[in-house]
Structure formats: structure tokens, C-alpha cells
Amino acid sequence: MAVRLGVIAIIVAAILVPSYAVDFDFFYLTRQWAGGVCKHSHKQLDTEENRRTCTRYPDDDIFTIHGLWPNREDGTWPSYCDDSAKFDGDLGKDLLEELSSEWPSYYGSNYGFWKHEWEKHGTCAGPLIADERDYFDKTLELKEKYDLMDALTAAGITPSTEEIYSRQGFEDAIKAATGAKPVLLCSGKNPATLTEIWMCFSKDLKPINCTAGTSSRCRDLRFLPISRTHSTTYS
Ligand code: 5GP
């Protein structure tokens, strides 16, 4: 009898838990900085091999969203967790407008970028994230709540072609404003160029210190202004 009840309980649990409820420990909210990701009009600063030729830039000086990613402490992460949850993009005019300014692709189709982020990462974020709309809503809410530009400006860290900042300065500024240590991503040799900032969140979306990622490439770093020029200006 006890065995039969146990089997029934397992079957009921399997039906109730969404198929995309997978194993992960925390979220990364990853944000990109066009001044570091894109090629620069100051050619002498364009020494890094992996700068992109960008065709779209944020209107304002903001860190735009790259994605919200479920992750594990061991450095692995789940991906493409629900084949049936295809991106349909039916998000309404207001949300699409907000995504266009806060979550643009710098060098491809916006729809393609959003589709990729939802299908690769968002489908693994259940049951906290209920569906596609919820994925974009919750990610935008987090972005709104934790403004990286405000945090950096408050600490006197502003985009510059001259200044070299320390990793510690960035980490302290973000920790002071959000309560948690981020991961910094940079490209190029020291002094490297800041490309992304990742914040870590618990599964109930509270900021936590990032312990798994490494900011080791970013010892001294440039925080370059966004150079809103298209690839055609490059010879
Ligand atoms: P992920 O880093 O989420 O695993 O992959 C990002 C994917 O989106 C890549 O295939 C990349 O080419 C594409 N993509 C399109 N636009 C952008 C962009 O502005 N930034 C980044 N990081 N990836 C983009």
C-alpha cells in the first residue's frame, strides 16, 4: 500500500512540476556595454581582435541586457530546456518598444537575439519564470531596479577615452549600490576594455555575491564611451 502511494505521489509531482523545471543554483543577469563590445571610432583604441562591427547602438549611455541565465555553482548551465516553448514574439507594442531600447542586438536582428535568449536560457528558468512574457518582464524589472550606470556614476566612474580604472573600483561601486559583488568581462590585454557586467541573483531574484565567475582579465580597465558610428566609417 505504502509503495503504491509513493508511486502515485511521484506521478502526481511529475505532472504538476513544469517540464522545464531544471536544476540550477542562481541567475546571472548579464548586461553589455556597446563602448566595449563594438568597434570604436578612436582607432588607436581598437586594438582588440574581438570587437564587433555594430549596426545598432543604445540611444542613451546604458548597459543593455544580454540575458537572464540560470547557472550552476560548478560553472555549468542548462540550456534549451523546453523544445515546445518556441519564441512567438507576441509580446505587445509596449513591451516590444521597451525591449528595443533596453535589450537590443548590437549587430543582428533584435527578434533573433530575443528568441535565442528565451529558447536557450529562459526555457530553463522555470518554475520561477512562467513563460516567455514573464521572462522578458522579470528581466526588465531587474534591469530597472539595479541601474549600473547610476552605481558607477555615483562612484565617479564614467566613460572616458583617457582614464584607466581599477577592477576593485568597479566592484566596490556596484557592491555599494546593489549589495552584491558582480563579475566583470573585458577584452584585450591589460589595460583591458570593459565589455559586460554580470550580476548574480538567488532563485527568488535577490542580489547575491557572484562567486563562480572570474573577472581576472579585468585588472586595469578602460570604460570607453559608446562610439555611435557604423562600420562604414572604418577603412
Ligand atoms: P549567449 O551569449 O546568450 O549564449 O549567445 C548570444 C547569441 O546572440 C550569439 O549567437 C550572438 O551572436 C547573438 N547576438 C545577437 N546580437 C547580440 C548582441 O548584441 N550581443 C551578444 N552578446 N550576442 C548577440
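The values are calculated or read from the model by the stated rules, or taken from the named source; none is laboratory data. This is a predicted model, so every value here is computed, not measured. In this analysis, Cβ positions are derived from the backbone assuming ideal geometry, glycine residues included, and neighbour counts consider all displayed protein chains. Areas reflect the complete protein model, heavy atoms only, side chains present, ligands, DNA and RNA absent. Shrake-Rupley method; radii C 1.70, N 1.55, O 1.52, S 1.80 Å.
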Task: Contacts under 7 angstrom Cβ, first residue in the stretch 210-235 being open to solvent by less than 90 Å² (accessible area, probe 1.4 Å), partner aliphatic (A, V, I, L, M) and at pLDDT below 90, 6 or more apart - done: Leu224/Leu45
Open item on the list: Quick check on this structure: which one of Ser105, Ser84 is closer than 20 Å to Cys38 by Cβ and of a type in the set (S, T, N, Q)?
Closed with: Ser105
TODO: Considering only the stretch 52-62, state which residues are within 12 Å of the ligand (Cβ to nearest atom) and touching a residue at least 60 places away in the same chain (Cβ under 8 Å).
DONE: Thr53, Cys54, Thr55, Tyr57, Pro58
Open item on the list: Return the pair list, or none, for Cβ contacts closer than 7 Å from residues in the stretch 64-82 that are touching a residue at least 24 places away in the same chain (Cβ under 8 Å) and open to solvent by 30 Å² or more (accessible area, probe 1.4 Å) to residues that are charged (D, E, K, R) and within 9 Å of the ligand (Cβ to nearest atom), at least 6 apart or on different chains.
Closed with: His66/Glu196; Ser79/Lys120; Tyr80/Lys120
Open item on the list: Please verify whether Thr161 is under 17 Å from Cys200 (Cα atoms) and open to solvent by less than 50 Å² (accessible area, probe 1.4 Å), treating the condition exactly as stated.
Closed with: no
Task: Neighbours by Cβ (under 6 Å, 6+ apart or cross-chain): first from the stretch 86-109, within 12 Å of the ligand (Cβ to nearest atom); second open to solvent by 40 Å² or more (accessible area, probe 1.4 Å) and not hydroxyl-bearing (Ser, Thr, Tyr) - done: Pro104/Arg56; Tyr106/Arg56; Tyr107/Arg52
TODO: Say whether the condition of being modelled with pLDDT of 95 or more, over 25 Å from Gly213 (Cβ atoms), open to solvent by less than 40 Å² (accessible area, probe 1.4 Å) and within 16 Å of the ligand (Cβ to nearest atom) is met by at least one residue in the stretch 135-154.
DONE: no
Open item on the list: Taking the conditions exactly as written (outside any loop (DSSP other than H, G, I, E, B), at pLDDT 95 or above and either crowded, with 19+ Cβ neighbours inside 10 Å or among the aliphatic types (A, V, I, L, M) (or both)), does Cys200 satisfy them or not?
Closed with: yes
TODO: Can you confirm whether the stretch 112-131 contains a residue that is among the hydrophobic types (A, V, I, L, M, F, W, C), at pLDDT 95 or above and within 9 Å of the ligand (Cβ to nearest atom)?
DONE: yes
TODO: Identify the single condition in (1) at pLDDT 95 or above; (2) of a type in the set (Gly, Ala, Ser); (3) open to solvent by 30 Å² or more (accessible area, probe 1.4 Å); (4) in contact with a helix residue (DSSP H, G or I) (Cβ under 8 Å, 6 or more places away or on another chain) that Ser41 does not satisfy, given that it satisfies every other one.
DONE: (1)
